[in-house]
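Beneath this line is the structure, given in structure tokens, with notes to follow.
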Amino acid sequence: MRPALPALVVMAVLAIAPAARASPTCQDAHGDSIRCGISGAMPVGWVLPAEMRLKLPAPSQIPPQVLFGLICAIGGFFALIALMPDFDGWRSGDWDRQQDDEEEAG
């Protein structure tokens, strides 16, 4: 019981702590999220009607050239990582000679 006591105390403190609340979300006339209380913000809880949402243009797509370049860059990064030599640091030859090495040997 004694080892579990700190865990129980932490659980009790976290259980009685008040929940953090986020600020309300407002939207503008186009349905984009915006900070409440500034010009162009609709009242709290207002949602763009579905008919108007369907009339809005679709978000722009990423051009294929940019997507291909991004895939090549990420693939090249992972290829460089895969080509790195194995190094685990356990053997003494894995590390360079340090200043204190001469003092320990003598």
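A short reminder: the numbers here are calculations on the coordinates, not readings from a lab. Just so we're clear, the structure is a prediction, and the values are computed from it rather than from any experiment. Quick reminder, even Gly has a Cβ in these numbers, built from the backbone with ideal geometry, and neighbours come from all protein chains shown.
The figures follow:
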{"quantity": "Ranking of 42, 11 by count of other Cβ atoms within 10 Å, fewest first", "calculated": "11, 42"}
{"quantity": "Modelled FRET efficiency - R0 35 Å, residue 50 with residue 71, Cβ distances, 0.05 increments", "calculated": "0.50"}
{"quantity": "Highest average packing first - 72-85, 17-30, Cβ atoms within 10 Å", "calculated": "17-30, 72-85"}
{"quantity": "Pairwise label distance in nanometres, residue 10 with residue 28, each label 7 Å out on the Cα-Cβ vector", "calculated": "4.5"}
